[in-house]
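**Q** Structure provided below as structure tokens; questions to follow.
The values are calculated or read from the model by the stated rules, or taken from the named source; none is laboratory data. None of the values given here were measured: they were computed from a predicted structure. When we count neighbours, we look across all protein chains shown, and the Cβ atoms used for this are built from the backbone with ideal geometry, even at glycine.
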Amino acid sequence: MTSHQRPPWDIDDEIKMPVTASTRRIADKLFSEIVSGVHSYGTRLPSERALTEEYDLSRNTVRQALALLEDYGLTRRRVGSGSVVCYRPDDNEHSDKLSIKPPNNMLNLTELGANTSPLELSVARSILEPEIARLAVLSMTPRDIGKLFAILTEMDNVTVDGERFAELDDELRMQIARGSHNPLLISTYEMINLVSRDAAWSAQRRKSLTPGRIREYRLENRSLCEAIEQRDIESAVEYLKLLLTDFNQDLMRGS
């Protein structure tokens, strides 16, 4: 993205936050400064008070502008630290999925899935996912969290189709990974998801999910997402570990 590009709220037809013209003007100004590098990744924006004085606007107008930046993933607010820039110059914030184009010498993921055991997948997920959950609690924007709950709503409508539920479960995990806003972690977890889908034993496990197991997973997923929404790191990690325990038991049972 370059500094001449339009702000994402000018492109998004589904902007959920009604704001005044003054709010959008200051948000546009801050957006331009962020993408041009005036405020780089990891730095703090000027305080609400400083922005209020600089632009001669009300505190509420400035607060709404900062909330708009956060809503679109350009910044995140930390208690005691103000708004911190989380935009990177090579980000593609209008894309939900990271496009992975491996080089020709990279191990074929289909082959990797065929050669990976249930235990090996369980170990990889158990190492990676708790840390992803921690980062997601700290880094997810309100829009990221809204996407989580949209997936949960779809899951609520699945009661007997184990394969469809597993697809949505994968999508939910991938959305949590994206919420970390860490490109390397996102790419790594995308690979784990692909391996999991390609493995024959995993496909069998997905088809064999019972309505009772689907219901249990759905409740655990909701608890996990609510902990993320409440920014409760410890609870999010504990719910994630509980889900992984159930997943590992089902995986080993069905392999």
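Yes or no, residue by residue, for (1) in the same structural domain as residue 186 (by TED's automatic domain parsing); (2) under 9 Å from the mean Cα position of the chain (by Cα); (3) of a type in the set (Val, Ile, Thr):
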residue: 127; (1), (2), (3): yes, no, yes
residue: 133; (1), (2), (3): yes, no, no
residue: 136; (1), (2), (3): yes, yes, no
residue: 139; (1), (2), (3): yes, yes, no
residue: 145; (1), (2), (3): yes, yes, yes
residue: 149; (1), (2), (3): yes, no, no
residue: 152; (1), (2), (3): yes, no, no
residue: 156; (1), (2), (3): yes, no, no
residue: 163; (1), (2), (3): yes, no, no
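**Q** Moving on. Only residues in segment 167-179 that are touching a residue at least 12 places away in the same chain (Cβ under 8 Å) count as the first member; pair them with residues that are in a helix (DSSP H, G or I) and of a type in the set (Gly, Ala, Ser), Cβ under 8 angstrom, at least 6 apart or cross-chain, and list the lot.
**A** The qualifying pairs are 170/196; 176/133; 176/136; 177/136; 179/136; 179/139.
**Q** Hey, can you tell me all the residues within segment 1-35 that are at pLDDT 80 or above, in a loop (DSSP other than H, G, I, E, B) and crowded, with 16+ Cβ neighbours inside 10 Å?
**A** The answer is 7, and nothing else.
**Q** Further question on the same structure: Among all residue pairs at least 6 apart or on different chains, which show Cβ distances below 7 Å where the first residue, located in segment 23-38, is within 12 Å of residue 75 (Cα to Cα) and the second is of a type in the set (Gly, Ala, Ser) and surrounded by fewer than 23 Cβ atoms within 10 Å (Cβ to Cβ)?
**A** Once the first residue is within 12 Å of residue 75 (Cα to Cα) and sits in segment 23-38, its partners that are of a type in the set (Gly, Ala, Ser) and surrounded by fewer than 23 Cβ atoms within 10 Å (Cβ to Cβ) give 35/3.
**Q** Additional query: Inspect all residues belonging to segment 128-141 and state whether any of them is out of contact with any helix residue (DSSP H, G or I) (no Cβ under 6 Å at 6 or more places or on another chain), modelled with pLDDT of 90 or more, among the β-branched types (Val, Ile, Thr) and in a helix (DSSP H, G or I).
**A** no
**Q** Among the residues of segment 188-219, what is the count of those that are at pLDDT below 85, among the polar types (S, T, N, Q) and assigned to a helix (DSSP H, G or I)?
**A** Count: 4.
**Q** Scanning segment 145-169 for residues that are in contact with a Lys or Arg (Cβ under 7 Å, 6 or more places away or on another chain) and not β-branched (Val, Ile, Thr), which turns out farthest from residue 217 (Cα to Cα)?
**A** Taking segment 145-169 and keeping what is in contact with a Lys or Arg (Cβ under 7 Å, 6 or more places away or on another chain), we get 152, 155-156, 158, 162-163, 166.
From what's left, not β-branched (Val, Ile, Thr): 152, 155-156, 162-163, 166.
Working: 152: 11, 155: 10, 156: 11, 162: 11, 163: 13, 166: 10 Å.
This residue is 163.
**Q** Write out, first by first residue and then by second, each pair whose Cβ atoms fall under 9 Å of each other, whose residues are 6+ apart or on separate chains, and whose first residue, in segment 150-163, is outside any loop (DSSP other than H, G, I, E, B) while the second is of a type in the set (Ser, Thr, Tyr).
**A** That search, which allows pairs on different chains as well, returns 155/217; 162/208; 162/210.
**Q** Of 122, 187, which residue is surrounded by fewer than 19 Cβ atoms within 10 Å (Cβ to Cβ), more than 18 Å from residue 249 (Cβ to Cβ), touching a Leu at 6+ places or on another chain (Cβ under 9 Å) and of a type in the set (Gly, Ala, Ser)? Even if it seems obvious, please write down each step before you answer.
**A** Details: 122 fails: more than 18 Å from residue 249 (Cβ to Cβ).
After applying the criteria, what remains is 187.
**Q** Among the residues of segment 46-89, what is the count of those that are of a type in the set (Gly, Ala, Ser) and over 27 Å from the mean Cα position of the chain (by Cα)? Reasoning before the result, please.
**A** The initial filter retains those residues of segment 46-89 that are of a type in the set (Gly, Ala, Ser), namely 47, 50, 58, 65, 67, 73, 80-83.
Pick out the ones that are also over 27 Å from the mean Cα position of the chain (by Cα) and you get 50, 58.
Residues flagged as of a type in the set (Gly, Ala, Ser) and over 27 Å from the mean Cα position of the chain (by Cα) within segment 46-89 amount to 2.
**Q** Checking residue 152 against (1) modelled with pLDDT under 85; (2) aliphatic (A, V, I, L, M); (3) surrounded by 13 or more Cβ atoms within 10 Å (Cβ to Cβ), only one condition comes out false. Which one?
**A** (1)
**Q** Right, next: Given (1) outside any helix (DSSP H, G or I); (2) at pLDDT 85 or above, identify the lone condition not met by residue 89.
**A** The number of the failed condition is (2).
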